[in-house]
């Protein structure tokens, strides 16, 4: 079993800031992916904006961050 007693001294506000920073770092790493890697295996004529996984990942991270920051 993990012992997380050392985390009992961290306030909720600090934990919220830590997780929001983690979401921002993940979002930055997603944005650094090249488009050719995102569209790998697709013909250029069939590439549409809704197939861009970067947009979907940023949208999901934004929703999670909004929910997490609200509660």
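Tabulated results
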{"item": "Meets criteria (touching a helix residue (DSSP H, G or I) at 6+ places or on another chain (Cβ under 6 Å) and part of a helix (DSSP H, G or I)) for residue 23", "result": "yes"}
{"item": "Residue identified as free of Cβ contacts under 8 Å to residues at least 60 places away in the same chain and exposed (fewer than 10 other Cβ atoms within 10 Å of the Cβ) among 67, 63", "result": "67"}
{"item": "Neighbours by Cβ (under 9 Å, 6+ apart or cross-chain): first from region 5-21, more than 15 Å from residue 68 (Cβ to Cβ); second part of a helix (DSSP H, G or I)", "result": "7/15; 10/18"}
{"item": "Residues being in contact (Cβ under 8 Å) with a residue 12 or more places away in the chain and assigned to a helix (DSSP H, G or I) - total across region 49-60", "result": "5"}
{"item": "Selection count, region 26-48, where residues are over 19 Å from the mean Cα position of the chain (by Cα) and part of a helix (DSSP H, G or I)", "result": "4"}
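Each value in this text was obtained by applying a stated rule to the coordinates, not by laboratory testing. Keep in mind that what you see is a predicted model, and the values were worked out from it rather than measured. Don't worry about glycine lacking a Cβ; one is built from the backbone with ideal geometry, like all the others, and counts go over all protein chains shown.
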